[in-house]
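Please treat every number below as a calculation from the coordinates, not as lab data. None of the values given here were measured: they were computed from a predicted structure.
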Amino acid sequence: MAENLRYKIDGELVADQSNDLRSECFFSDDSCLVMGLLYNWNAAKYVCPKGWHLPSEKEWSVLIDLMGGDAKASRRLRSTSGWKELNHNEDLNGTDDCGFDLLPSQATYKPNLGYEADAWSSTNASSEENGSILFFNILSYQTDIQLLLPYGYIDDLKSIRCLKD
């Protein structure tokens with residue numbers, strides 16, 4: 001998908017799912033229209049449309065490799081606008097070389113809004129039920145791109161990019 005998912009979870013999405021399914025919009029409805037919603041892990045596992053799936057760590061790694069590896073992928077995947085500047089002389093927007101158009105995610109911590117993009121991976125980093133989940137992370141003030149582990153927990157809220165089957 002060339003943009004973050006904006007599907008609002010209605011609570012009836014998965015009949016056999018007893019865990020809390022959450023999708024949230026922070027700060028303004030306008031930001032949701034542009035940046036998409038944030039989802040907890042339980043929702044992330046089920047919300048991609050039919051014929052699409054949540055990318056695995058390996059699939060995120062393939063994208064990063066195709067975009068030139070850690071040193072180049074961050075700039076090449078970021079959108080050409082929407083990223084905040086740290087200094088007035090440093091443009092932190094990307095080149096969007098492949099149409100991925102990665103905008104900064106909404107952030108549950110307001111000072112990070114405009115500087116960071118997170119998206120869930122389908123890969124568990126831990127065998128524990130409440131363990132951590134790997135996720136895709138770009139920080140505009142760093143030159144590299146990271147797959148962080150173990151970092152995201154099932155109650156965290158992150159964006160979703162679905163991959164076509």
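Relative to the current alpha-carbon distance between E59 and A71, full extension at 0.36 nm per residue lengthens the span by 2.5 nm. Less than 5 angstrom separates the built amide H of S79 from those of G94, L102, L103, all sequence-distant by 5 or more or on a different chain.
Across the range 36-52, rounded Karplus estimates of 3J(HN,Hα) from the backbone phi angles (6.51 cos²θ - 1.76 cosθ + 1.60, θ = phi - 60°) give x, 8, 10, 10, 7, 4, 4, 6, 4, 5, 10, 8, 5, x, 4, x, 10 Hz, Gly and Pro being marked x.
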